[in-house]
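Structure record follows, encoded as structure tokens.
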């Protein structure tokens, strides 16, 4: 098999290897096999995950996005990654309104300017609350399904909580398939700080679906809607519109970093 072309993208510090598998589906098989090697910091390209683009099941849609975490596991959806895929498709001549299939449902992505995209999230459902003990700490969280599992915890110090409990909570028996974990703190009204521990990747600078989960939990706890929540992650600022009815919208940037061959 000849060299595999790839592009490196980032969105709010979440970085990805994007591989277009439409010309040769064997590239997808290679991505599944070698993701844990290619994503290694210092020893590989380095990334939070691989975004493999394949042909859509429905010819009316533009592409199918597969999300492969840095440990080789599969995620159903990636809110930052899909903006990178949308930018990649637009750079290849696709229109500014895109319909992208994922394992977490059909996502609609609108290009707002040269590098900013609005994602209409196909699934964002509040589930149950949970209480998880850790030594002398009791973690009270809100579980949210955003096509992949999340649990959101409000805490006075998100950075400290991430270091103390991110990995512990993500792998807790409460979550049979593991969970993405978000720690949030209110900065001002409708503005929050966020840290995240992603299952399959560990601590990352941002998580798009995690921002949606955080906004859902934040607004539900305060009984508000029809608001835009400003979310400050270590990698940048994202915005989530929570409507009174209908799907939430995630707004943020994406950036092409470099091109290479594997």
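The values are calculated or read from the model by the stated rules, or taken from the named source; none is laboratory data. On a predicted model such as this, the values are computed, not experimentally measured, just so you know. Positions of Cβ are generated from backbone atoms using ideal geometry, with glycine treated the same way; all protein chains shown enter the neighbour counts.
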Here is a check on your reading of the model: is residue 196 buried (at least 19 other Cβ atoms within 10 Å of the Cβ) and either over 24 Å from residue 106 (Cα atoms) or assigned by TED's automatic domain parsing to the domain that holds residue 67 (or both)? yes
At pLDDT 95 or above and surrounded by fewer than 19 Cβ atoms within 10 Å (Cβ to Cβ): does that describe residue 3? no
Looking at (1) without any contact (Cβ under 8 Å) to a residue 24 or more places away in the chain; (2) touching a helix residue (DSSP H, G or I) at 6+ places or on another chain (Cβ under 7 Å); (3) surrounded by 18 or more Cβ atoms within 10 Å (Cβ to Cβ), find the lone condition where residue 219 falls short. (2)
Return a yes/no flag: does segment 24-34 have any residue that is modelled with pLDDT of 95 or more and assigned to a strand (DSSP E or B). no
I'm trying to understand the selection: among the residues of segment 173-188, which are at negative phi and in contact with a helix residue (DSSP H, G or I) (Cβ under 9 Å, 6 or more places away or on another chain)? 175, 179, 180, 181, 182, 183, 184, 185, 186
What number of residues in segment 112-148 are more than 17 Å from residue 80 (Cβ to Cβ) and surrounded by 20 or more Cβ atoms within 10 Å (Cβ to Cβ)? 3
